[in-house]
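J.: Submitted below is the structure of interest, expressed as structure tokens.
The values are calculated or read from the model by the stated rules, or taken from the named source; none is laboratory data. As the structure is a computational prediction, the values presented were derived from the model and not from experiment. FYI the Cβ positions are ideal-geometry reconstructions off the backbone, even for glycines, and counts take in every protein chain you see. We work out accessible area using only protein heavy atoms, side chains counted, and drop any ligands, DNA or RNA first. Shrake-Rupley method; radii C 1.70, N 1.55, O 1.52, S 1.80 Å.
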Amino acid sequence: MNRAGNYRSRIVSADAAVAVVESGQRVYIHNGCAEPTELVHALTRRGPRLRDVEVMHMATMGTADYSLPEYEGHFRTNSLFIGGNVRRAIQEGRGDYTPVFLSEIEGLFSSGAVPIDVALLQCTPPDADGYMSLGPGVDVSLTVAEFARHVIVEINDRMPRTLGDAFLHVSHADVLVESSHPLAEYPPHEVTAQHRAIARNIAALIPDGATIQTGIGGIPEATLALLKDHKDLGIHSEMVPDGAIELIERGVVNGERKTLHPRKVVAGFVLGSRRLFDFIDNNSIFEFHRTAYCNDPLVIARHDRMVAINSAIEVDLTGQVCSDSVGRNPYSGIGGQVDFLRGAARSKGGVPIIALPSTAKNGTVSRIACLLQPGAGVVTSRGDVHYVVTEHGVAYLHGKTLRQRAEALIQVADPKFRAELEAFAIEHKLLTADRALVGV
């Protein structure tokens, strides 16, 4: 361990490590399934002695007790992508949401626009040369480690060792905390018949040799399950879920026809189960990169046949996409949707897709909407939208007039809402009465 330096002299308890955090500072927490839970617990225990500490992060899969009402005034969460563990705090006004393209987050840190006082990370034990892997979450956290004033690393011997631009040298850590515990897992989503119907429409748009990006949830998992007969697929994605495992094992995903990073699955992080963590451990088909690279639209566009599959909460009749809020209530985040849609749109043979069920609330609300809900965030402008897919079909909007868009979107809405949507479109001059669609 000579090349690693005398790192053991910097190992302390979790409580001693976070004692450096002072009132008024900004603390960044490693994201997703890589959340350093021992450090987060210790930070929370320190909370009563602190005031006005900003806790910044993307979605984390573990604990977020610092966002509970009893810590108001001590901590204030600032989420760059809202997870379920802090959603209530943000919606109740006890936390903040920063809408930002995923590809641009790291620039906030490197430019000094958003300085980080303390970074809480989780890594593998250092190798013989002193390099620790960030495991399932390189994302923006490696850049945070480079620019934070103070870096605390929880060394967990149960972290998978991932490859690529995934390593932090032990010399960059100010203090280290040893732990041994399972990683936080991302719970699986139910895959419904509706999801499978949407997936069938998506799968029909994916050619052999495509490079795909997908998110999490029932629609992505259903889509991946339908690609078993495809050939020579690749993956370049901000995130990889459990559903990719079988496609890689079957040789469907082999990256042979990728025009960038051939034969490699490129990702910024993974969200999933212990099975996925075990699968990525020292697996050389995976190449992890920072989100600023994975999500760069110019990098994405270098992949021929790039298929980007992203979800939405609602889409209005002109093609505006709300993906991060339910009306005025923040719900998730901008994430990488726009990054990948724009990259795929500029790819040779690219297919940028917005996919969503046609209804919500047990079929009582149309997600193809006359208008977005008041206060809804437009994540993807109508100029960026190409394909909108529901269980009822595919609407192609790029280069279409407002009238043509309304016609196409009404046809992929749930049939019981089509008359209502058409009446609205006629009233507001998107359609004329002689262009009635319902019943045709």
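J.: How big is the charge dipole of the chain about its Cα centre, in debye rounded to the nearest 20, if each Lys and Arg gets +1 on its Cβ and each Asp and Glu gets -1 on its Cβ?
T.: That gives a dipole near 860 debye.
J.: Using a basic spin-label model with each label point 7 Å from the Cα along Cα→Cβ, how many nm lie between VAL100 and ARG274?
T.: If labels sit at VAL100 and ARG274, their model points lie 3.5 nm apart.
J.: Only bridges whose two residues both fall in region 285-399 count here: according to DSSP, what percent of them are antiparallel, nearest 5?
T.: The antiparallel fraction comes to roughly 50 percent.
J.: Averaged per residue, what accessible surface does region 98-225 expose to a 1.4 Å probe, in Å²?
T.: With the other protein chains kept in place, region 98-225 gives 35 Å² per residue.
J.: Compute the helix-to-body angle for 415-427: its Cα long axis versus the longest principal axis of the chain, expressed 0 to 90° and rounded to tens.
T.: 80 degrees
J.: Here's a follow-up. Could you calculate the contour length gain from THR401 to GLU246, that is, 0.36 nm times the residue separation minus the distance between their Cα atoms, to one decimal place in nm?
T.: Residue separation times 0.36 nm, minus the Cα-Cα distance, leaves 51.7 nm.
J.: Using mean Cβ contacts within 10 Å as the protection proxy, how do 64-70, 322-328 order, highest first?
T.: With the highest mean Cβ count within 10 Å placed first, the list reads 322-328, 64-70.
J.: So, one more: Pick from PRO415, PRO374, PRO330 the residue whose mean-square fluctuation is largest in a GNM of the chain, springs joining Cα atoms under 10 Å.
T.: PRO374
J.: Per DSSP H run of at least 4 residues, take -39500 (n - 2.57); add these up for the chain, divide by its residues and hand me the 222 nm value, nearest 500 deg cm²/dmol.
T.: Estimated from H runs of four or more residues: -6000 deg cm²/dmol.
J.: Let me ask something else about it. Treating cross-link reach as a plain straight distance, find the aspartates and glutamates whose alpha-carbon is under 18 Å from the alpha-carbon of LYS416, omitting any fewer than eight places away in the same chain.
T.: GLU314, ASP316, GLU391, GLU407
J.: On to the next question. Largest first, how would GLU54, GLU427, GLU104 line up by accessible area (1.4 Å probe)? Walk me through the numbers on the way to the answer.
T.: Numbers: GLU54 45, GLU427 125, GLU104 100 Å².
Order by accessible area, largest first: GLU427, GLU104, GLU54.
J.: For region 366-379, take each phi angle, set θ = phi - 60°, evaluate the Karplus expression 6.51 cos²θ - 1.76 cosθ + 1.60, and give the result in whole Hz per residue in order, putting x for glycine and proline.
T.: Calculated HN-Hα couplings, in order: 7, 8, 8, 9, 4, 9, 4, 4, x, x, 5, x, 8, 6 Hz.
J.: A further question on this structure: Looking at the chain as a GNM with Cα springs under 10 Å, which of LEU276, LEU371, LEU397 has the largest mean-square fluctuation?
T.: Largest GNM mean-square fluctuation: LEU371.
J.: If you plug each phi of region 190-196 into the Karplus form 6.51 cos²θ - 1.76 cosθ + 1.60 with θ = phi - 60°, what whole-Hz ³J(HN,Hα) values come out, in order, with x for Gly and Pro?
T.: 5, 9, 9, 4, 4, 4, 5
J.: Further, regarding this structure: If a/c stays under 1.5 just call it rounded; otherwise compare a/b with b/c (prolate if a/b is bigger, oblate if not). Do that for region 306-380, with a ≥ b ≥ c from the square roots of the Cα gyration tensor eigenvalues.
T.: prolate
J.: Expressed as an acute angle from 0 to 90° and rounded to the nearest 10, what is the orientation of the C-alpha long axis of helix 402-411 relative to the principal long axis of the chain?
T.: Rounded to the nearest ten degrees, it is 90.
J.: Looking at the square roots a ≥ b ≥ c of the eigenvalues of the Cα gyration tensor of region 212-260, which shape do they give, rounded for a/c under 1.5, prolate if a/b is larger than b/c, or oblate?
T.: oblate
J.: Now for a different question. From the residues THR63, GLY215, VAL18, which one has its Cα farthest along the dipole of the chain in the positive direction, the dipole being from +1 and -1 charges on Cβ of Lys/Arg and Asp/Glu about the Cα centre?
T.: GLY215
J.: Give a residue-ordered list of calculated ³J(HN,Hα) values for region 238-254 (Karplus: 6.51 cos²θ - 1.76 cosθ + 1.60, θ = phi - 60°; whole Hz; x for Gly, Pro).
T.: 5, 9, 10, x, 4, x, 6, 4, 4, 5, 6, 5, 7, x, 5, 8, 10
J.: I've got another one for you. Over the chain, with a Gaussian network built from C-alpha contacts below 10 Å, which listed residue (HIS392, HIS428, HIS74) shows the highest mean-square fluctuation?
T.: HIS428
J.: Right, another one. Between the helical axis of 37-46 and the dominant principal axis of the chain, each derived from Cα atoms, what acute angle in degrees is found, rounded to the nearest 10?
T.: 70 degrees
J.: For the chain, give the share of DSSP beta bridges that are antiparallel, in percent and rounded to the nearest 5; count only bridges with both residues there.
T.: Approximately 25 percent, going by the DSSP bridge assignments.
J.: Continuing with the same structure: Among the chymotrypsin sites (Phe, Trp or Tyr not before Pro) within region 209-286, which fall in a DSSP loop and have no more than 14 other Cβ atoms within 10 Å of their own Cβ? Show your work: numbers first, answer last.
T.: On the way: sites: PHE269, PHE277, PHE279, PHE286; in loops: none.
Filter output for region 209-286: empty list.
J.: About its Cα centre, what dipole magnitude does region 318-440 give when the only charges are +1 on Lys and Arg Cβ and -1 on Asp and Glu Cβ, stated in debye to the nearest 20?
T.: That gives a dipole near 240 debye.
J.: Amide H of SER325: which non-local residues (sequence gap of 5 or more, or other chain) have their own amide H closer than 5 Å, using H built in the peptide plane?
T.: TYR331, SER332, GLY377
J.: Excluding residues on the same chain fewer than 8 positions from LYS231, give the lysines whose Cα lies under 19 Å from its Cα.
T.: Cα-Cα hits under 19 Å: LYS258, LYS264, LYS348.
J.: Sticking with this structure for a sec: Counting only protein heavy atoms and a 1.4 Å probe, tell me what percentage of the chain's accessible area is made up of carbon and sulfur.
T.: In the chain, the share of accessible area belonging to carbon and sulfur is 49 percent.
J.: In what sequence, highest mean first, do 402-410, 237-245 appear when ranked by Cβ atoms within 10 angstrom? All intermediate terms of the calculation are to be shown ahead of the outcome.
T.: Details: 402-410: 21.0, 237-245: 24.1.
For the peptides 402-410, 237-245, the packing ranking is 237-245, 402-410.
J.: Now for a separate question. Which cross-chain or sequence-distant (5 or more) residues have an amide H under 5 Å from the amide H of ILE212, H modelled 1.01 Å from N in plane?
T.: Correct list: GLY234, ILE235, HIS236, VAL307.
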